[in-house]
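Below is one structure, written out as structure tokens; comments come after it.
The values are calculated or read from the model by the stated rules, or taken from the named source; none is laboratory data. Note that this is a predicted model, so its numbers are computed, not measured. Cβ coordinates were reconstructed from backbone atoms using ideal geometry, including for glycine residues, and neighbour counts include every protein chain displayed. Calculation scope for accessible area: heavy atoms of the full protein, side chains included, ligands and nucleic acids excluded. Shrake-Rupley method; radii C 1.70, N 1.55, O 1.52, S 1.80 Å.
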Amino acid sequence: MTQSWPAAPYHVGGAVWDAHRFAGRENLLTVLSALAQDGDRPGFILSGPRRSGKSSVLERLARILGSGTFVARIDLLGILGYTDAWPPRTVAPTVLQSLLDVLEAEFGKVPGVCRDVAVADGFDVTGFRRRALPAMLSILGGQRLTVFFDEMEVAQARDPFAPRDIVAALTPWPGAKDPCPFVGMVWGRAFGRGLTRDVPSQFKDFHREELKRLSSTEVEQALTRPLRAAYEWNSEAVARVWELTSGHPLFVAALGAAVHGGRVPGAVNNVDRAEVDEAIDSAIDHSQSWGDAWRQLNSRQQIALLALATLGKGDLPKIVATVRDWGAPYEVLDFEPFMRSLAEDGLIDRSGDGLRFPVEMMRLWILRKDPQDILGTPEDPKDGLTAEASRHEHEGRVLYEQGNLDEAARAFQASLKLDGTRWSAAVWLGQILLRRNQPLEAAEMLRGAAPTAEVRRIRAQVLARCLEQALETHADPLPWITELRTID
């Protein structure tokens, strides 16, 4: 046992970067550190569900990189906020202005051309690369600029082209004398909305890592390392924490903090399973930062999760029946559009016998919620529109299979009018317009669709048809050739 008693060894919520609290991920840090020191690699993308420790990896990596590197850390949520309404092509220059602020704070005033070019009004990526980037890199004195962007999905949600523009702006022209910037990104996903949109092909050379929850060995490290040998956790206690958390970093730290907080200072006896069980309620109190994630869920997702937490496990009809018992006349289709995203976010597991929570502490946290508080909260009108849009898309698919293309097209158009992010409805409508030989209408519609792989596939087919028509009618084919080149 050490002589000093640790006052607050566990950090619950927020990024962890110091050596005594950061547990596991050693192999990942080794890989990312080697990438950052390889002058030929452009960067990496770290993805995964919220609260899985992505920001901690970024912060820890920033502190262990060697000399010759200047690290700028950019929190995109802090810069862009929670407002979704951003004028087109204003996100990237706003982020670049923040990067210039970081450099100015460290190195003094940046060259004026950098500020002049990084303006939101008429921002030109090519102009920034040619004029501003060389001037910006010149103030680093030969150090390699390493930029870590946290929550790139926020920029993508505000402007689908923003990630591409940001990285393109930081890519020097061939033959540049200064070291090429290295870009590391945490690219998660908006909680409750499922997987992020496809990462643009601009990043095809970026190293990709999907962060998982901690392993059982890493859970033991996360529990014991912060204590610096003040006391130990026996194997049964560690196993119990693993049962309750499945390696979820936030809840592991919360259980550690709850156990430590319940001990008499100076107690050296090993933590056992019973002590862990006694600390569960306190650990839920310590886990209130998970409420930040909970508040990003819409009310239908919240009430569905509470119903599942009450059931323990079950299928969608049982969830609907439970919610109906609470007085809400929902139907399966009111929840169906959201269930896949909840599974992709790691909130629920789909198995042969239905749905369940992969993390028991998450279920216990949710059980504290009152269904009437959720049902009494005014619903975001967009949530109802999403369910209604799903109904229209479902109707459109049935009509399409029946060969009724006119009615199917109207159904898909109604779906997109209610929820413009429904890329699958755009794909179906694009196929119908192609079959009707209306490629121009399809091209216009698909330009505004979320750029997923399927949208890009059907859009390429549509643009190829538009090009064929242009050649047949002796119209100018260059606009179609140019647009086709933007699709990989």
- Query: Can you find a residue in region 325-335 that is open to solvent by 70 Å² or more (accessible area, probe 1.4 Å), part of a helix (DSSP H, G or I) and either modelled with pLDDT of 95 or more or under 26 Å from Ser287 (Cα atoms) (or both)?
  - Reply: no
- Item | Residue among Asp353, Asp345 that alone is more than 23 Å from Arg240 (Cα to Cα), at pLDDT below 95 and surrounded by 18 or more Cβ atoms within 10 Å (Cβ to Cβ) | Asp345
- Among the residues of region 311-324, the number that are part of a loop (DSSP other than H, G, I, E, B) and either out of contact with any Gly (no Cβ under 6 Å at 6 or more places or on another chain) or surrounded by fewer than 14 Cβ atoms within 10 Å (Cβ to Cβ) (or both) is 1
- Query: Of all the residues that make up region 178-206, how many are modelled with pLDDT of 75 or more and not in a loop (DSSP other than H, G, I, E, B)?
  - Reply: 6
- Count - residues of region 398-409 that are at pLDDT 85 or above and surrounded by fewer than 17 Cβ atoms within 10 Å (Cβ to Cβ): 7
- Give me the pairs, please: first residue somewhere in region 447-476 and farther than 13 Å from Leu429 by Cβ and modelled with pLDDT under 85, second residue anywhere and in a loop (DSSP other than H, G, I, E, B) and among the β-branched types (Val, Ile, Thr), beta-carbon distance under 9 Å, and either six or more positions apart or on two chains. Ala450/Thr421; Pro451/Ile487; Arg456/Ile487; Arg457/Ile487
- Query: If you check Pro49 against the conditions, is it in contact (Cβ under 8 Å) with a residue 40 or more places away in the chain, open to solvent by 20 Å² or more (accessible area, probe 1.4 Å), in contact with a Phe, Trp or Tyr (Cβ under 9 Å, 6 or more places away or on another chain) and in a loop (DSSP other than H, G, I, E, B)?
  - Reply: yes
- Within region 368-377, residues being open to solvent by less than 70 Å² (accessible area, probe 1.4 Å) and either of a type in the set (Phe, Trp, Tyr) or in a helix (DSSP H, G or I) (or both) number 3
- Message: Show me the helices (runs of 4 or more DSSP H) found entirely inside region 212-293 where at least 3 residues are open to solvent by less than 30 Å² (accessible area, probe 1.4 Å) and in contact (Cβ under 8 Å) with a residue 24 or more places away in the chain.
- Response: 216-224, 235-245, 249-261, 280-286
- Message: Residue pairs, Cβ under 9 Å, 6 or more apart or interchain, first in region 431-443 and closer than 10 Å to Gln461 by Cβ, second open to solvent by 20 Å² or more (accessible area, probe 1.4 Å) and part of a loop (DSSP other than H, G, I, E, B). List them.
- Response: Ala442/Arg436
- Message: Condition first: part of a loop (DSSP other than H, G, I, E, B), of a type in the set (D, E, K, R) and within 23 Å of the chain's Cα centre (by Cα). Now tell me which residues in region 11-40 satisfy that.
- Response: Arg25
- Is there a residue being among the hydroxyl-bearing types (Ser, Thr, Tyr) and under 17 Å from the mean Cα position of the chain (by Cα) anywhere in region 71-85? yes
- Query: Do you know which of the residues in region 123-177 that are of a type in the set (Phe, Trp, Tyr) and within 22 Å of Ala85 (Cα to Cα) is modelled with the highest pLDDT?
  - Reply: Phe149
- Checking Leu297, Leu305, Leu355 in turn, the sole residue that is under 25 Å from the mean Cα position of the chain (by Cα) and assigned to a helix (DSSP H, G or I) turns out to be Leu305
- Note on the structure: The residue from Val125, Val102 that alone is without any contact (Cβ under 8 Å) to a residue 40 or more places away in the chain, among the β-branched types (Val, Ile, Thr) and either closer than 22 Å to Glu151 by Cβ or surrounded by fewer than 17 Cβ atoms within 10 Å (Cβ to Cβ) (or both) is Val102
- Message: Conditions first: (1) under 25 Å from Arg213 (Cβ atoms); (2) open to solvent by less than 60 Å² (accessible area, probe 1.4 Å). Arg21 passes all but one, so which condition is the exception?
- Response: (2)
- Return the pairs, sorted by first residue and then second, in which the second residue is crowded, with 18+ Cβ neighbours inside 10 Å and not in a loop (DSSP other than H, G, I, E, B), the first residue lies in region 4-22 and is modelled with pLDDT under 80, the beta carbons are less than 9 Å apart, and the residues are 6+ apart or on different chains. Gly13/Leu250; Gly13/Ala253; Gly13/Ala254; Gly13/His286; Gly13/Trp290; Gly14/Ser55; Gly14/Ser56
- Selection status of Pro93, open to solvent by 40 Å² or more (accessible area, probe 1.4 Å) and more than 19 Å from the chain's Cα centre (by Cα): no
